[in-house]
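Take a look at the structure set out below.
All of the numbers you see were taken from the coordinates with simple rules; none came from a lab. Values in this document were obtained by computation on a predicted structure and should not be read as measured data. So basically every Cβ, Gly included, is an ideal-geometry build from the backbone, and we count neighbours across all protein chains shown.
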Amino acid sequence: MKKTQLPKPKSKKNPKLSRIDHLDKEYDLIIIGGGITGANVLWDATLRGFKCLLVEKSDYASGTSQATSKLIHGGLRYLKNLEFSLVRESLKERRVLAKIGPHSVRPLGFIIPIHSFFERIVLWAGMLLYNFLSFDRNQEIVSDTHIPRFIWNSKSETIYKSFPLSRNSLIGSYQYYDYMNINPEYHTCEFIFSAKARGAHALNYTNVNYITKQYSGGYSINVSDTETGKERTVSAKVVVNCAGPWADIIEAMAGISTEKKILRSKGIHAVVRNICSKECIILKKKDGSHLFVIPWRNQTIIGTTDTIFDNHPDSFEVTESEIKNLLDEVNSSFGLAPLKLDDVVYYYGGLRPLVEDADSKKETYSASRKSEIMNYTAEGFAGFFSALGGKYTTSRNVSEKLMDQVSFFLKKEKILCQSDKQTLLGGDYMSRKELVEQLTTQFPNENSLKLETLAGRYGRESFRILLLSGKEKYQLPNGELLYEEEIDYAVKFLDILHATDFYFRRSGAGTVGKINAMDRKKIDEKLAKGLGWDMKRARIEASLVDKRYEWAK
Ligand SMILES: Cc1cc2nc3c(=O)[nH]c(=O)nc-3n(C[C@H](O)[C@H](O)[C@H](O)COP(=O)(O)OP(=O)(O)OC[C@H]3O[C@@H](n4cnc5c(N)ncnc54)[C@H](O)[C@@H]3O)c2cc1C
């Protein structure tokens, strides 16, 4: 397999040209939406040799894909709904994601507290089935990311592993494993940048305004650069709508009316001080649904919620009362030190695009997380596809199935999918230990913590990062360090237009809480210099970052 490497940064010859001036007139495929679904379609289509453009109205991974519980998981709870094929699909994809980008995932233990013998028997059957469905979990996977078999913890072992858990009627716990996705926002970008490295075009902050069906076949798509307001019309033989919770709005824009409705379900998370040890604890909420208490980057994520959202997706916000409710749920299950609003260092949320018969559902927790690919040929829109619903975990498989259809539509034949084999940017290495050893040989003057941190964040891309300028390091609130070269790398290669892109969707440095003022100032200055901002612009950018730590009252 060919290695995936980023091209050299382009020199900015004519800064007056808008980014959309560089687009071609015609593409095989235009992909609308730069979340994980669009990113996967772009990557798969590029590997199959199609000429593609992806447009994203905001930043990449700023929609639902930044809202996950950061889990790459089979979905144990879907076994209860007898959704065996969804669980098998998810477990297969869990393995594929570890194979193509091992630096992005870490095995994570999940503890399910058990309170009765009956519960123990039911869960034991569930564990066996989950284990059976993931029989190939470690095939072709680097050893650091191997997933162990489930285990039973006695009462005292459970208390040791999940100290704050209430001990009322506790008899023990099951512990099974899935993956944690350390930085899903950057992970999504890795699919996009891997495709760009092989010639695909992708633009963030580029809105699709309208879509017109051409008489000659194909579609004209009017897009605007939201930074400059400049518009441009491009055409494509195929449109792939990956707009997640906005997908029905895109369909309506093209003139498509469909029976299936998107049901939007709101989910939020709070990042709080570290309240658990190494394993994720699964708690039962008052309404019978589940809540995860997830150890993540030396902090704890609690979530999520699941409520119907009826408004326009652009009006999404997280309110203080929703965060308080989340804290109350944890406080009622955990015996010690109750969480307060002051313990919340960051929060986030998003909308699940669920494909359901909207009228038949009163709640969304039990709605299926299965995906749906819509082909609108029968409605008179040949070459218009939508990829709806699903999970972050299964998005690669959705794109594979979709691209099988698109290949047939464009070439009248099935072109072999490679996205299940081809490693992503940085993913090409045998084990993290070996990678760090190679880094140490090439950069003997760098300290081991730095090399290990970069290898864990970027995989093989660390070689390129360490060649960049800067020797400073900055302290993050979770105890991790951010290195100056990472800023340079993001500025040069990662399509950053705003400071928020850097803090929340590339480095992830802002997602673990507010950085101390002195280091923030230095990072902001480096970003401003790299991106050519004057003082006024730099101030606005910094205030937008600060705003991200406030919630709606
Ligand atoms: C609270 C929560 C927790 C979750 N946890 C998990 C988990 O742990 N594991 C898991 O596997 N899955 C999880 N999911 C599901 C997962 O997040 C989604 O399935 C997935 O992110 C959907 O990605 P997407 O690309 O389809 O949509 P999105 O990420 O929303 O991407 C759609 C994009 O389209 C863009 N767009 C919209 N209109 C336009 C336009 N006019 N022009 C250009 N661009 C446009 C939007 O800006 C957006 O970025 C969770 C979901 C939620 C809400």
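Points to keep in mind about this one:
- Of LYS155/LYS266; LYS266/LYS370; LYS433/LYS473; LYS260/LYS286; LYS213/LYS266, those spanning more than 27 Å from alpha-carbon to alpha-carbon: LYS155/LYS266; LYS260/LYS286; LYS213/LYS266
- The stretch 162-174 - phi-based ³J(HN,Hα) in whole Hz, Karplus 6.51/-1.76/1.60, Gly and Pro as x: 9, 3, x, 5, 5, 8, 3, 6, 5, 10, x, 7, 9
- Unsatisfied cross-links (Cα-Cα over 32 Å) in the set LYS414/LYS492; LYS57/LYS99; LYS324/LYS391: LYS414/LYS492
- Here the chain is assigned +1 on the Cβ of each Lys and Arg and -1 on the Cβ of each Asp and Glu. Its dipole about the Cα centre then comes out at about 800 debye.
- Projecting the Cα positions of HIS290, ASN209, TYR219 onto the charge dipole of the stretch 193-319 (unit charges on Cβ atoms of Lys, Arg, Asp and Glu, taken about the Cα centre) puts HIS290 furthest along the positive direction.
- Whichever aspartates and glutamates have a C-alpha closer than 12 Å to that of LYS412, once near sequence neighbours (fewer than 8 apart) are set aside: ASP404
- Estimated [θ] at 222 nm from DSSP helical runs (n ≥ 4, -39500 (n - 2.57)) normalised by residues in the chain, nearest 500: -9500 deg cm²/dmol
- In the chain, a dipole from Cβ-located charges (positive for Lys and Arg, negative for Asp and Glu) runs towards its positive end, and of PHE132, ILE275, TRP551 it is PHE132 whose Cα lies farthest in that direction.
- Cβ crowding within 10 Å, taken as a proxy for footprinting-reagent exposure, orders THR394, THR441, THR206 from fewest neighbours to most as THR441, THR206, THR394.
- Estimated dipole of the stretch 264-366 in Debye, rounded to 20 [Cβ of Lys and Arg +1, of Asp and Glu -1, Cα centre]: 440 debye
- Residue pairs, from the table LYS471/LYS529; LYS92/LYS278; LYS70/LYS284; LYS278/LYS522, whose Cα atoms sit over 27 Å apart: LYS278/LYS522
- Computed P(r) (all Cα pairs; the stretch 264-366; 10 Å bins; percent): 14, 46, 30, 9, 0
- For the chain, the equivalent ellipsoid derived from the Cα gyration tensor has semi-axes of 35, 29, 24 Å, listed largest first.
- Normalised by the number of residues in the chain, the mean separation of alpha-carbon contacts (under 8 Å, six or more apart) gives a relative contact order of 19 percent.
- Taking the stretch 18-173 and dividing mean pair separation by its residue count, relative contact order in percent (alpha carbons under 8 Å, at least six apart): 18 percent
- Ranking LEU123, THR441, GLY199 by Cα position along the charge dipole of the chain, where only Lys, Arg, Asp and Glu carry charges on their C-beta atoms, puts THR441 farthest toward the positive end.
- The stretch 29-37 - phi-based ³J(HN,Hα) in whole Hz, Karplus 6.51/-1.76/1.60, Gly and Pro as x: 9, 10, 10, 9, x, x, x, 5, 5
- Antiparallel content of DSSP bridges confined to the chain, in %, to 5: 75 percent
- A cut-off of 5 Å between modelled amide H atoms, ignoring neighbours fewer than 5 places along the same chain, links TYR346 with VAL271.
- Based on C-alpha pairs under 8 angstrom that are at least 6 apart in sequence, the stretch 217-359 has a relative contact order of 28 percent.
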